[in-house]
1. Quick check on TYR443: is it hydroxyl-bearing (Ser, Thr, Tyr) and buried (at least 19 other Cβ atoms within 10 Å of the Cβ)?
2. Could you check the stretch 1-71 for strands (runs of 3 or more DSSP E) lying wholly inside it with 3 or more residues that are not aliphatic (A, V, I, L, M)?
3. Could you tell me which of the residues VAL169, VAL104, VAL113, VAL131 is hydrophobic (A, V, I, L, M, F, W, C), at pLDDT 95 or above and more than 24 Å from PHE85 (Cα to Cα)?
4. Can you name the number of the only condition in (1) within 16 Å of ligand 1 (Cβ to nearest atom); (2) open to solvent by 30 Å² or more (accessible area, probe 1.4 Å); (3) closer than 20 Å to PRO333 by Cβ that LEU419 fails?
5. What pairs can you find where one residue is in the stretch 376-398 and open to solvent by 20 Å² or more (accessible area, probe 1.4 Å) and at pLDDT 95 or above, the other is assigned to a helix (DSSP H, G or I) and within 12 Å of ligand 3 (Cβ to nearest atom), and their Cβ atoms are less than 6 Å apart, with a gap of 6+ or different chains?
6. Please specify each residue of the stretch 89-114 satisfying the condition of being in contact with a Lys or Arg (Cβ under 9 Å, 6 or more places away or on another chain), over 13 Å from ALA15 (Cβ atoms) and acidic (Asp, Glu).
7. Here is a list of conditions, (1) surrounded by 23 or more Cβ atoms within 10 Å (Cβ to Cβ); (2) among the polar types (S, T, N, Q); (3) touching a Pro at 6+ places or on another chain (Cβ under 9 Å), and THR449 meets all of them except one; can you say which number that is?
8. Among ALA147, ALA129, ALA203, ALA124, which is among the hydrophobic types (A, V, I, L, M, F, W, C), out of contact with any Gly (no Cβ under 8 Å at 6 or more places or on another chain) and either crowded, with 20+ Cβ neighbours inside 10 Å or closer than 30 Å to GLY270 by Cβ (or both)?
Amino acid sequence: MEVVVQQGNVVDITADALVVNLFSGVTRPGGATGALDKALGGAIQELVQQGDFDGKLGKTVVLYPRGAIPARRVIVVGLGEQDKFDLEAVRKAAAAAAKRAREVGAKDIATIVHGAGVGGLRPAEAAQAVVEGTLLALYRFPKYQPAQDTAQEAGLRRLTLVEFSEEKVPLLQEGARAGQLIAESVNFARNLVMEPPNIATPAELARRAQAMAEEVGLRCEVLTDPELESLGMGILLGVAQGSVHRPHFVVLEHNGGGDDVPTVVLVGKGITFDTGGINLKRGEDMWKMKHDMAGAAAVLGALRAAALLNVPLRVVGLAPFVENMPGGKAYRPSDVLRGLTGKTVEIINTDAEGRLILADALGYAARFRPDAVVDIATLTGAQMIALGPHAAALFSNDDGLAARLEEAGRRTGERVWRLPLWDEYKEALKSDVAEVKNTGGRYSGLPTTAKFLEHFTEGYAWAHLDVASMVWTDSPRDYHPKGPTGYGVRLFVELLRQWAE
Ligand code: BES
Ligand code: MN
Ligand code: ZN
């Protein structure tokens with residue numbers, strides 16, 4: 001979709017649909033909505049007076065100007081209560097308006113930037129949020145359903161942000177550009193997750209990463225069996241053993257500054273399909289395990305955005321792609337594996353495979369002499385039980401890094417919630433034959449997993465995000481259609497941009 005910023009008055013704008021807004025409790029609209037109301041002979045005021053529209057966040061109503069202005073339709077969207085208004089509300093309002101515009105068949109929508117006027121938000125950030133909310137809400141994956149990809153559904157072609165104040169225009173342009181690059185990177189990640197696991201094999205995902213890297217100007221290296229063996233990644237190779245699809249370990253690097261800029265390494269779990277291995281999963285929900293590479297997809301998306309925004313940092317993305325399958329060659333419970341750091345692991349359960357491939361990836365991360373390492377992984381059902389679809393679990397050995405992630409979570413709406421890394425959780429992982437075992441039993445499954453990973457993080461500030469509940473939604477909500485959410489891309493991009501400031 002084309003995104004543009006235009007200086008002008010809403011009453012002069014030509015579009016299939018023109019979006020304006022209203023806070024709840026407002027009976028006399030001001031600003032752009034007020035000007036439009038006047039041009040429409042008080043139609044918006046009447047909506048409120050009749051009790052037909054209460055300005056609740058995300059509520060929409062369509063009006064037909066019948067020639068009073070050049071725009072063919074007006075969509076009024078509610079912004080909710082003014083004292084609860086924030087960037088997340090902007091994204092939600094923009095999403096609601098965009099979906100309504102698509103429903104009525106609009107191809108070309110113009111919108112005011114929610115919050116850039118009376119809302120009191122920074123104009124660039126508000127514009128970014130409007131574009132994000134719009135592009136994220138309209139995401140679709142029609143690849144394998146060409147017949148359903150009708151012209152109507154194909155949706156919007158152009159989004160115009162309309163601003164009266166000339167001096168705000170450059171700020172809005174900057175924000176809109178960032179919003180577009182970021183949202184497209186989220187959708188890039190969503191596409192990788194949506195792609196079925198027979199297509200999105202480790203080799204194919206490595207090819208996609210390579211193609212993307214070439215397109216946006218990232219260094220890209222792909223490690224396969226010979227390199228993984230000579231590096232000594234015996235834990236990752238153990239998990240990979242059962243699959244005919246050989247592991248592909250993607251290393252991406254963005255260099256946005258001189259030699260002395262900080263280095264941030266992002267590591268994502270890339271299990272292309274998790275059957276559970278010999279500890280085979282139950283049938284019902286297994287199909288969802290195509291999303292077990294959503295952490296890696298988020299890392300690729302974040303690196304894509306980091307390159308396009310040219311963030312002045314060195315950013316490394318590690319995405320180990322591995323399939324977890326049962327079979328004659330598969331690793332088994334009670335195997336002992338030795339990985340890159342030299343530590344030995346006793347396998348108790350082959351379904352606890354994510355932490356195993358991360359163990360070697362976290363070991364590998366050390367060679368970049370990072371200022372921070374953040375991993376993102378769909379690791380445990382326990383995380384879903386603990387927090388539901390409302391926050392990722394955050395663990396960190398560094399308060400500063402944890403605080404940065406918490407702040408990025410607040411600003412993006414990609415919430416994180418910190419949990420403890422107490423040494424007491426180590427007990428459960430003691431093995432009789434190896435240095436550590438890969439599961440800690442029934443209790444505290446969430447923190448013991450983080451504790452397992454900690455064994456492989458030597459000498460750097462580290463944070464772990466368990467995002468099992470965050471990467472997929474079974475029903476559409478706000479700016480997430482049903483399916484992959486792309487969680488993590490915006491969180492990471494915000495982390496990096498704040499770091500660079
Ligand atoms: N990929 C799963 C976790 C998961 C479950 C993610 C549901 C998203 C939705 C992970 O590899 C796994 O199987 N975890 C096990 C660990 C257990 C065997 C210790 C779990 O949480 O049940
Ligand atoms: Mn598993
Ligand atoms: Zn898994």
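1. no
2. Of the strands (runs of 3 or more DSSP E) lying wholly inside the stretch 1-71, those with at least 3 residues that are not aliphatic (A, V, I, L, M) span 2-7.
3. VAL104
4. (3)
5. LEU379/GLY354; LEU379/THR449
6. none
7. In the conditions (1) surrounded by 23 or more Cβ atoms within 10 Å (Cβ to Cβ); (2) among the polar types (S, T, N, Q); (3) touching a Pro at 6+ places or on another chain (Cβ under 9 Å), THR449 misses (3) alone.
8. ALA203
The values are calculated or read from the model by the stated rules, or taken from the named source; none is laboratory data. Bear in mind the structure is a predicted one, so any value in this text is a computation, not a measurement. Quick reminder, even Gly has a Cβ in these numbers, built from the backbone with ideal geometry, and neighbours come from all protein chains shown. Surface accessibility is based on the protein's heavy atoms, side chains included, excluding ligands, DNA and RNA. Shrake-Rupley method; radii C 1.70, N 1.55, O 1.52, S 1.80 Å.
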